[in-house]
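The values are calculated or read from the model by the stated rules, or taken from the named source; none is laboratory data. Keep in mind the model is a prediction, meaning the values are calculated, not measured. Glycine also receives a Cβ, built like all others from the backbone with ideal geometry; neighbour counts cover every protein chain displayed.
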């Protein structure tokens with residue numbers, strides 16, 4: 001494989017790079033104010049400074065897409081961050097003491113949380129605290145914890161039987177020291193891959209939640225809500241559904257490919273370790 | 001009965017087996033020795049038509065009147081498991097984990113036309129023939145319930161089921177415990193119709209075979225009757241191999257062959273052994289032919 | 001096997017109880033009192049207290065939980081604080097619709113994924129096999145509701161051969177029932193099929209490298225014959241695990257797809273419940289969905305054990 005260009009990494013990196021670029025630029029500049037409602041521009045056709053046209057409220061689609069990228073990344077980063085920060089230590093602990101009661105407890109709770117998909121958590125949180133970006137992020141993050149914990153545990157189990165860990169244990173090093181000095185650096189690449197894959201899943205979840213009205217609140221643009229708003233106009237103005245749909249699909253594809261590419265790039269031996277959620 | 005002439009095996013541009021020729025007569029037991037990477041397993045797999053994807057064989061190999069190499073899969077597959085069978089090195093993974101042992105033995109018979117109920121009965125007989133205790137019970141077991149030695153006996157039962165003309169064994173005891181190796185070898189020697197036995201273990205060859213072929217770097221470098229080759233090796237590689245395996249008095253150093261086997265495609269031109277051979281001269285840059293009646297060798301500077 | 005079944009069943013029951021506690025506790029966190037919400041801001045304290053007593057929300061939380069959970073066991077989900085309608089019958093009506101939606105989606109996914117994934121594995125060196133892999137990668141990136149919108153655009157807006165939404169009960173008109181479900185099934189099935197294709201492909205690829213496949217060929221089988229007889233059942237072991245996870249994903253996907261196609265299933269009921277702040281209804285639907293996920297996991301684990309004699 002060495003020497004052959006990593007097509008997945010290249011394509012995935014480019015797509016993710018585009019989303020990041022759009023989000024970054026949107027802080028300084030968008031063609032128009034994405035939230036500006038203007039009846040005169042209602043359903044304006046593409047062209048003349050409105051690259052992709054305007055929606056039923058006269059908001060510029062391209063500007064909305066750019067700021068929507070920001071929402072998507074924001075939710076993804078926080079959700080995956082929660083999952084990684086909570087899930088990784090749990091998985092490492094469970095993997096280092098595979099036969100202990102603590103490990104058993106962690107994995108049982110993990111299985112239980114796994115029965116609460118992001119959408120249900122978000123709906124419950126939304127019912128209690130009112131829907132919004134924060135509840136969506138927390139729900140997606142908590143729902144992603146089990147995937148991280150499982151992957152971290154599987155990778156730790158593999159690392160724990162390697163010679164250098166056995167040597168470190170024989171030398172009498174304490175478990176926390178081994179975890180930080182030896183286990184974490186060695187499962188890092190697995191976690192990076194998992195983060196990329198989880199990011200893709202988080203984008204899908206955020207889009208679904210916004211579509212249902214449990215995600216980002218108006219007027220902040222979000223791809224999922226753009227889709228929802230466009231559904232009633234599918235018969236007359238299908239392009240309004242096309243662009244946010246394409247944005248979601250390409251962003252998810254980008255993070256999935258990035259994950260696959262990183263997996264091959266970082267360590268081909270690790271191909272088998274992958275969470276299913 | 002088995003005639004191999006000018007067999008070549010290649011993967012893309014790399015030639016893995018070069019111009020191998022030998023014969024096996026009915027009832028004869030022939031050993032194929034070599035280190036890993038010598039091409040001995042590929043030689044066997046090409047006779048079975050079981051080369052991995054991307055690896056192809058050319059040349060001539062015939063079992064009786066039937067061609068084995070260069071014919072379509074649909075014709076060779078009818079011979080596999082019927083006219084010639086093979087036992088592999090690794091018994092732990094060679095059986096389907098989800099299928100009962102008896103069914104796996106019966107399968108090779110139903111595949112070649114025996115009625116199902118008859119095959120079932122004969123499967124138990126075969127398990128008994130390979131000296132498995134309680135054959136009826138073993139037939140109902142799943143592979144994971146058997147030991148490595150027992151599984152290898154099952155593989156042997158499968159190989160013998162249709163009364164093949166030739167049995168090929170590729171390191172059949174390497175993965176087994178030392179204590180069961182001997183029993184397995186005795187059993188193979190007893191039941192094999194004609195045998196092509198592949199190993200890197202000289203002691204095993206000595207107890208099993210009448211004739212040996214020594215392979216190195218994808219070529220046969222020496223061949224002949226077991227006694228001649230073992231007592232008077234001609235090729236310098238065979239000589240080194242024997243010297244390395246001979247029991248030495250305590251305190252003396254075990255003689256070894258210098259260097260290690262190069263990876264596929266990295267063998268020197270001319271004599272493939274010359275980069276490790278203490279007797280190599282510029283003459284060895286040309287390829288030596290395998291010459292000699294009965295006891296043949298391919299070496300420019302043979303041992304006397 | 002019996003021992004395993006008993007143990008696994010115990011785990012299922014315990015997780016369901018813990019899940020019920022979690023759902024109940026979560027909903028109890030709710031700021032605001034159902035009685036106050038029902039009566040509005042101008043209600044007298046006496047009226048609120050009276051209604052609270054009738055709802056039973058003036059009792060300690062533990063008692064309320066036991067009352068609720070005890071009812072669940074008997075199929076009684078309580079009576080809505082908002083509409084005063086019993087919740088159980090609403091859920092059971094909707095459950096059937098969602099189950100049909102999910103199982104149909106799963107069927108579409110399987111019909112697509114098993115042949116395509118197997119083909120992609122067997123022909124993994126050919127352009128067509130690579131094309132299937134690439135297509136499944138793209139399919140994964142499309143959320144079910146987006147697939148739904150695309151399908152509506154193609155089949156309802158452009159070709160005008162299928163309805164863009166709505167649901168006709170099978171008892172009323174089986175033909176219309178089927179026509180109405182085709183697009184929702186496809187929306188769920190195409191996406192899950194793409195995910196499943198990748199798993200089938202990698203499972204079959206793994207199996208193709210197994211020694212016992214070579215043994216099968218040494219017995220006289222061709223490549224295809226060996227794969228059929230010995231490979232596919234072995235490949236199905238890891239796929240079954242994924243299938244369970246997928247059913248759970250489909251259940252949640254169905255909630256969204258019901259919204260796209262205006263189908264009166266559990267998802268629709270749940271979202272209406274949230275919109276109407278009908279907490280007991282939300283609590284009941286969430287519990288049913290979570291219990292379904294737990295039950296699916298249970299069935300998957302048991303199937304896994306049945307398929308693989310090494311685990312028996």
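Residue count for segment C:12-44 under the criterion of being modelled with pLDDT of 80 or more and surrounded by fewer than 16 Cβ atoms within 10 Å (Cβ to Cβ): the result is 6. Residues in segment B:94-124 that are facing another protein chain (nearest Cβ under 10 Å) and under 30 Å from residue B:199 (Cβ atoms): B:94, B:95, B:96, B:97, B:99, B:104, B:105, B:107, B:108, B:109, B:111, B:112.
Does residue B:168 meet the test of being under 28 Å from residue B:11 (Cα atoms), touching a helix residue (DSSP H, G or I) at 6+ places or on another chain (Cβ under 7 Å) and surrounded by 21 or more Cβ atoms within 10 Å (Cβ to Cβ)? Don't jump to the end; show me each part of the working.
Details: under 28 Å from residue B:11 (Cα atoms): yes; touching a helix residue (DSSP H, G or I) at 6+ places or on another chain (Cβ under 7 Å): yes; surrounded by 21 or more Cβ atoms within 10 Å (Cβ to Cβ): yes.
Yes; evaluated as a whole, the condition is true for this residue.
Check whether at least one residue in segment B:86-93 is touching a strand residue (DSSP E or B) at 6+ places or on another chain (Cβ under 8 Å), part of a helix (DSSP H, G or I), buried (at least 18 other Cβ atoms within 10 Å of the Cβ) and facing chain C (nearest Cβ under 9 Å), and report yes or no. No: segment B:86-93 contains no residue that is touching a strand residue (DSSP E or B) at 6+ places or on another chain (Cβ under 8 Å), part of a helix (DSSP H, G or I), buried (at least 18 other Cβ atoms within 10 Å of the Cβ) and facing chain C (nearest Cβ under 9 Å). Among the residues of segment C:269-279, the ones that are in contact with a helix residue (DSSP H, G or I) (Cβ under 9 Å, 6 or more places away or on another chain) and within 11 Å of another protein chain (Cβ to nearest Cβ) come to 7 in all.
When residue B:283 is tested against (1) exposed (fewer than 14 other Cβ atoms within 10 Å of the Cβ); (2) assigned to a loop (DSSP other than H, G, I, E, B), only condition (2) is not met.
When each of B:155, B:184 is tested for being outside the structural domain of residue B:55 (by TED's automatic domain parsing), touching a helix residue (DSSP H, G or I) at 6+ places or on another chain (Cβ under 7 Å) and surrounded by 15 or more Cβ atoms within 10 Å (Cβ to Cβ), the lone residue that passes is B:155. All conditions in (1) at pLDDT 80 or above; (2) away from chain C (no Cβ under 14 Å) hold for residue A:161, with the sole exception of (1).
Of all residue pairs spaced 6 or more apart or on separate chains, those with beta-carbon atoms under 6 Å, a first member in segment B:51-65 that is assigned by TED's automatic domain parsing to the domain that holds residue B:75 and a second member that is surrounded by fewer than 14 Cβ atoms within 10 Å (Cβ to Cβ) are B:59/B:6. Does residue B:205 satisfy the criteria of being touching a strand residue (DSSP E or B) at 6+ places or on another chain (Cβ under 8 Å), part of a helix (DSSP H, G or I) and assigned by TED's automatic domain parsing to the domain that holds residue B:36? For residue B:205, the condition - touching a strand residue (DSSP E or B) at 6+ places or on another chain (Cβ under 8 Å), part of a helix (DSSP H, G or I) and assigned by TED's automatic domain parsing to the domain that holds residue B:36 - is met. The criterion of at least 2 residues that are out of contact with any strand residue (DSSP E or B) (no Cβ under 9 Å at 6 or more places or on another chain) and either more than 13 Å from every other protein chain (Cβ to nearest Cβ) or within 30 Å of residue B:167 (Cα to Cα) (or both) is met, among helices (runs of 4 or more DSSP H) falling completely within segment C:143-226, by C:174-208, C:211-218, C:223-226. Report whether or not residue A:149 is crowded, with 18+ Cβ neighbours inside 10 Å and either farther than 15 Å from residue A:217 by Cβ or within 12 Å of chain C (Cβ to nearest Cβ) (or both). Against the criterion (crowded, with 18+ Cβ neighbours inside 10 Å and either farther than 15 Å from residue A:217 by Cβ or within 12 Å of chain C (Cβ to nearest Cβ) (or both)), residue A:149 qualifies. In this entry, residue C:66 is excluded by the filter for residues that are assigned to a helix (DSSP H, G or I), more than 13 Å from every other protein chain (Cβ to nearest Cβ) and surrounded by 14 or more Cβ atoms within 10 Å (Cβ to Cβ).
Looking only at segment A:114-145, residues that are more than 11 Å from chain C (Cβ to nearest Cβ) and in contact (Cβ under 8 Å) with a residue 24 or more places away in the chain come to 12 in all. What do you reckon, is residue B:290 buried (at least 16 other Cβ atoms within 10 Å of the Cβ) and at pLDDT below 85? When the stated conditions are applied, residue B:290 passes them. Report yes if residue A:178 is under 19 Å from residue A:78 (Cα atoms) and surrounded by fewer than 22 Cβ atoms within 10 Å (Cβ to Cβ), otherwise no. When the stated conditions are applied, residue A:178 does not pass them.
Of all the residues in segment C:214-233, those that are farther than 14 Å from residue B:108 by Cβ and buried (at least 22 other Cβ atoms within 10 Å of the Cβ) number 2.
Filtered by the rule that a residue be modelled with pLDDT of 70 or more, in contact with a strand residue (DSSP E or B) (Cβ under 7 Å, 6 or more places away or on another chain) and closer than 13 Å to residue A:233 by Cβ, segment A:43-64 gives A:54, A:61.
How many residues are more than 22 Å from residue B:112 (Cβ to Cβ) and away from chain C (no Cβ under 12 Å) when one looks only at segment B:153-187? So the count comes out to 16.
Annotation: of all residues in segment B:94-113 being in contact (Cβ under 8 Å) with a residue 40 or more places away in the chain and part of a loop (DSSP other than H, G, I, E, B), the one that is nearest to residue B:150 (Cα to Cα) is B:95. Filtered by the rule that a residue be at pLDDT below 80, assigned to a helix (DSSP H, G or I), away from chain C (no Cβ under 12 Å) and in contact with a helix residue (DSSP H, G or I) (Cβ under 9 Å, 6 or more places away or on another chain), segment A:243-272 gives A:263, A:264, A:265, A:266, A:270. Every test in (1) touching a residue at least 12 places away in the same chain (Cβ under 8 Å); (2) not in a loop (DSSP other than H, G, I, E, B) is passed by residue B:125 save one, and that test is (1). Selection over segment B:43-85 of residues that are under 13 Å from the mean Cα position of the chain (by Cα), more than 9 Å from chain C (Cβ to nearest Cβ) and crowded, with 24+ Cβ neighbours inside 10 Å gives a count of 4.
Selection over segment C:120-142 of residues that are away from chain A (no Cβ under 12 Å) and surrounded by fewer than 19 Cβ atoms within 10 Å (Cβ to Cβ) gives a count of 9. Can you say whether residue C:245 is more than 14 Å from chain B (Cβ to nearest Cβ), under 30 Å from residue A:213 (Cβ atoms) and either touching a strand residue (DSSP E or B) at 6+ places or on another chain (Cβ under 9 Å) or at pLDDT 85 or above (or both), as far as the supplied structure shows? Criteria not met by residue C:245. Within segment A:99-114, is even one residue under 21 Å from residue A:169 (Cα atoms) and under 21 Å from the mean Cα position of the chain (by Cα)? No: segment A:99-114 contains no residue that is under 21 Å from residue A:169 (Cα atoms) and under 21 Å from the mean Cα position of the chain (by Cα).
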